[in-house]
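Working notes for the structure below.
The values are calculated or read from the model by the stated rules, or taken from the named source; none is laboratory data. Values in this document were obtained by computation on a predicted structure and should not be read as measured data. Ideal geometry is used to build each Cβ from the backbone, glycine not excepted, and the neighbour counts take in all protein chains shown. The accessibility values were calculated without ligands, DNA or RNA, using every heavy atom of the protein model including side chains. Shrake-Rupley method; radii C 1.70, N 1.55, O 1.52, S 1.80 Å.
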Amino acid sequence: MSTPQKLRLAIVGGGIGGLTLAVALSHLNLDEFLQVDIYESAFKLNQVGAGIGVLARAMEIVEDLGMAGDFEPLMTPVESPLGAQSPGSRFYFRKSDERNGFPFFDMIMPGGSAMCHRADLQAILLSHVSSFIKCHLNRRLVNYKESKEGIELEFKNGETASCDILVGADGINSVVRKVFLANKQGLDSSSEEAAMNSAPVWSGISVYRGLIDSEVIRRELPNHTALSSPTLYCGKNKHIVAFPISQGKIINIVPFVTDLEKEGSRLHGPATEEANLQDFAHFYAGWEDEAQCLIKNMSNVSRWAIQTVKPLDTHSTDRVFLLGDAAHAMTPHLGSGAGQAIEDAYVFANLLDKLLRQGSRDIQRISNAYTAIRRPIARSFVDASRDQGIRLEFNAPEFDDIKEGDAIAPERLRELGKSLEKGFELPRKCSVRDDLQRALDML
Ligand SMILES: Cc1cc2nc3c(=O)[nH]c(=O)nc-3n(C[C@H](O)[C@H](O)[C@H](O)COP(=O)(O)OP(=O)(O)OC[C@H]3O[C@@H](n4cnc5c(N)ncnc54)[C@H](O)[C@@H]3O)c2cc1C
């Protein structure tokens, strides 16, 4: 009896989502059934020089994929009343848009979380990818065409490749999403209309991303909160996120500036660019010393306009799947965009595993389960992340009377802290393993 040909799976994009999918397929030993190719536009697999938080739900997957041991040395120990088992899980909120800033809430995040350098996360993922998965660099997808025989991928360098299943893990400006939506709407994928329908929208937020050597901060303010704990420095329409990474040697710092009137508009100008201190330091003039110390010591800063993807009716067809930012790019206020990409990858890989081991190749069945389970969860993160940003920057309706630098009564700040804590329940309140089980039960 002849063995059936392997299914050809193409993953477009070798970011956190695409690489997690490669790890999950490796972990499930699917080489017997699958030929897997990753097509990445960059010349080298790279991550922006910044930190990333991997929260409780994604940490379950890290464990299930056998990577927990690799994460341990990267987790930055922070002072925590819960003890050493809960590194990275205490967050301080400060009222910072006045000269005498002060802490107003101390949040414990049970369930564990890792705050690490993106490059370290990428290195771990790569070390868990089996050799049966081939990675092709310098392959920028520009279009794909579906026929009865399969899918033909077209790259910018003129090369083509074919596959039976396509996973678009190509980030916020996903070409796979553009063609996917154009096909569903009967549009020419190269038309202006197709590009407009798929284009992300601006959230009104700009962030300035940078890393600082902790010693620089320690010399200036030895008791600086961000040296030991993730801290959110809050002000009206602005905040700064700072947390230690690389075992405390580096501080990841991200100042945010929000113009809510621009939310939902098209971005004019570049989504990312180099930035100088004079472009943004003035936004924090008058803020407390801890905040100013972070800002003035930032170097090699890049400005990112935070964009989001408009809600999609579905994340998959019978052969094409959207994963991570390609499907549901969100604001970073819950630190969960990458976590959601990781969840997509984990659920998709396990669904495919079950289907193939049942001896079936009916990909439509996976598609139904994937969208049914993953779409509402990802949307709940998109919405909750937006709400969290509104609260963080004193823009919830009950703070309508507040202007930058205004004093706010401690009781109101305490209530705000509690609502921020509640907002952070989503990444930890239910298990991603239960969601996976629900998806598997649908097959
Ligand atoms: C300031 C900030 C802070 C954040 N903090 C956190 C956090 O703490 N925790 C968290 O979970 N998330 C965080 N996020 C969100 C997180 O970075 C993203 O959600 C995550 O990187 C999405 O992963 P992805 O694999 O879907 O996309 P990406 O990481 O964007 O990867 C897409 C890949 O596809 C490649 N690609 C693009 N187009 C093509 C093409 N046409 N052909 C081939 N390849 C292509 C790209 O080169 C890239 O390698 C943050 C985001 C920002 C902006």
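Residues that are of a type in the set (S, T, N, Q), touching a strand residue (DSSP E or B) at 6+ places or on another chain (Cβ under 7 Å) and open to solvent by less than 60 Å² (accessible area, probe 1.4 Å): find the helices (runs of 4 or more DSSP H) completely inside the stretch 111-221 holding 1 or more of those. Give the derivation first.
Numbers: elements: 118-127, 175-185, 192-198, 214-220.
Helices (runs of 4 or more DSSP H) meeting the threshold: 214-220.
Can Ser86 be described as at pLDDT below 95, assigned by TED's automatic domain parsing to the domain that holds Ala291 and surrounded by fewer than 22 Cβ atoms within 10 Å (Cβ to Cβ)? Break it down stepwise before answering.
Details: at pLDDT below 95: yes; assigned by TED's automatic domain parsing to the domain that holds Ala291: yes; surrounded by fewer than 22 Cβ atoms within 10 Å (Cβ to Cβ): yes.
Answer is yes for this residue.
Matching residues to (1) near the ligand (Cβ under 9 Å from one of its atoms); (2) among the hydrophobic types (A, V, I, L, M, F, W, C):
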site: Thr308; (1), (2): no, no
site: His315; (1), (2): no, no
site: Ala338; (1), (2): yes, yes
site: Ala349; (1), (2): no, yes
site: Arg357; (1), (2): no, no
Extreme residue, surrounded by the fewest Cβ atoms within 10 Å (Cβ to Cβ), among residues of the stretch 366-385 that are over 19 Å from the mean Cα position of the chain (by Cα) and farther than 23 Å from Ser26 by Cβ
Ala372
Quickly run through the stretch 136-167 and pick out the residues that are out of contact with any helix residue (DSSP H, G or I) (no Cβ under 8 Å at 6 or more places or on another chain), of a type in the set (S, T, N, Q) and within 12 Å of the ligand (Cβ to nearest atom).
Asn138, Asn157
Answer yes if at least one residue in the stretch 234-250 is at pLDDT 95 or above, of a type in the set (S, T, N, Q) and buried (at least 20 other Cβ atoms within 10 Å of the Cβ), and no otherwise.
no
Contact list please: Cβ distance under 7 Å, first residue in the stretch 425-440 and more than 9 Å from Val347 (Cβ to Cβ), second residue at pLDDT below 80 and aliphatic (A, V, I, L, M), pairs at least six apart or on different chains.
Arg428/Met109
Enumeration of residues in the stretch 318-335 that are more than 10 Å from the ligand (Cβ to nearest atom) and either closer than 21 Å to Leu426 by Cα or modelled with pLDDT of 95 or more (or both):
Arg319, Val320, Phe321
Failed item, numbered, when Val48 is tested on (1) β-branched (Val, Ile, Thr); (2) modelled with pLDDT of 95 or more; (3) surrounded by fewer than 18 Cβ atoms within 10 Å (Cβ to Cβ)
(2)
